[in-house]
Amino acid sequence: MNLFMGLDVQLMFEAIPLLVAIAVSAWLVSLVIEDISIVDYLWSLMLLGSAGTYAYRTGFDKDLSTVNVVLLFMVAVWALRLSAFLILRGRNRGEERRYQAMRKKLASNFALKSLVNIFLLRALLIWLLSSLFVVALSSVPSLSWSHWHTVGAALWLFGFSMEALADLQLYRFNQLVVRDSETLSTGLWRYSRHPNYFGECCVWCGWVVFAIPSASAATLPWLSLAPMIMMALLLKLSGISHMERGITQRRPNYRQYIETTSAFVPWKPAQRIGLDL
């Protein structure tokens, strides 16, 4: 077992061929359909594939412990739902604006640049995120269920339910209005401008809590890596900050929505605005 500061890096290396194969295959498809949004449909499935690889390599089929079964169940349900929803939402919409902007920015030799800057970079991020599951699935055989697992599973269920409901509310709203002409400010979106992102954060925090009994003193710090990366992605790099800059320009009433509604953590709004579902 090759360890780096307590983390089983050798086990992590087992997932690299799968991640690279999926990334390159998706890239080839994107060249044919001229749409790199396909990378969004696959990222959760790539994480599921990584977790499945780690489970198989650590003898999951020989040790069907309740802890490992529940963990893989949570990852599978989350990954399949998110991928299916993104595919449903993206039907007949064409390439997303942010990817159109990347296509213009990287116009020179875009095909090769998209492989490196989008598909392989996404695979690298997923590989780093999967370190959480290396810790969680490298526990002693037949780890007993504990209060940590109960709390972690409950937090995951709360976050998963919030994310799924928020996605559904926004999807239904966009079916009823001209897209980008109005702002959803009812349901969960009355209390947070990004309740789906908050739910996603709770999902990852739930997995961290769930994995605590599997961690040793050396691997415990690694549990914070995945949620830190996810929070950075959601709040700064490609999530809220990036998204709201464009939305404010397209929707005149979004500035008022920003001023009256919590950005992330659901909270009582300053006042009720917008349309009802």
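The values are calculated or read from the model by the stated rules, or taken from the named source; none is laboratory data. Just so it is clear, the structure is predicted and the values come from calculations on it, not from any experiment. Neighbour counts run over all protein chains shown; Cβ positions are idealised from the backbone, glycine included. To get the accessible areas, we keep the full protein, side chains included, count just its heavy atoms, and leave off ligands, DNA and RNA. Shrake-Rupley method; radii C 1.70, N 1.55, O 1.52, S 1.80 Å.
At-a-glance table
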read-out	value
Projected label distance in nm at THR150 and LEU45, using a 7 Å step from Cα toward the beta-carbon	3.7 nm
Candidates MET46, MET102, MET12, ranked by Gaussian network fluctuation over the chain, Cα under 10 Å, top entry	MET102
FRET efficiency for LEU64 and VAL116, using Cβ-Cβ distance with R0 set to 45 Å, rounded to 0.05	0.65
Contact order relative to length of the chain, as percent, for alpha carbon pairs under 8 angstrom and 6 or more apart	22 percent
Label-point separation in nm, GLU96 to LEU157, each point 7 Å along Cα→Cβ	3.0 nm
Helix runs (DSSP H) in the chain reaching 20 Å along axis by Cα, Kyte-Doolittle at least 1.6	16-33, 66-90
Equivalent ellipsoid semi-axes - Cα gyration tensor, segment 1-135, angstrom	31, 18, 10
Difference of contour (0.36 nm per residue) and Cα-Cα distance, ARG81 to ARG103	5.1 nm
Highest-MSF residue in the chain out of GLY159, GLY49, GLY94 [GNM, Cα springs under 10 Å]	GLY94
Sites LEU143 and PHE13, calculated FRET efficiency, Cβ-Cβ separation with R0 25 Å, nearest 0.05	0.55
The chain - percent of accessible surface contributed by carbon and sulfur, probe 1.4 Å	65 percent
Segment 67-203 - percent relative contact order, Cα under 8 Å, separation 6 or more	28 percent
Gain in span if fully extended, GLN175 to ALA263, counting 0.36 nm per residue against the direct Cα distance	29.3 nm
GNM flexibility winner over the chain from GLY90, GLY152, GLY52 (Cα, springs under 10 Å)	GLY90
Positive-end residue, the chain charge dipole about Cα centroid, Cβ charges, pick of PHE160, LEU45, PRO252	PRO252
Spacing of the two label points (7 Å from each Cα toward its C-beta) at GLU182 and LEU88, in nm	2.1 nm
Computed accessible area, GLU163, all protein chains, 1.4 angstrom probe, square angstrom	10 Å²
Length released on extending from SER224 to ARG255, taking residue separation times 0.36 nm less the Cα-Cα span	7.8 nm
Fraction in percent of alpha-carbon pairs per bin - 5 Å, the chain	1, 5, 11, 15, 17, 15, 13, 10, 7, 4, 1, 0
Solvent-accessible area per residue, Å², over the chain with all protein chains present [probe radius 1.4 Å]	50 Å²
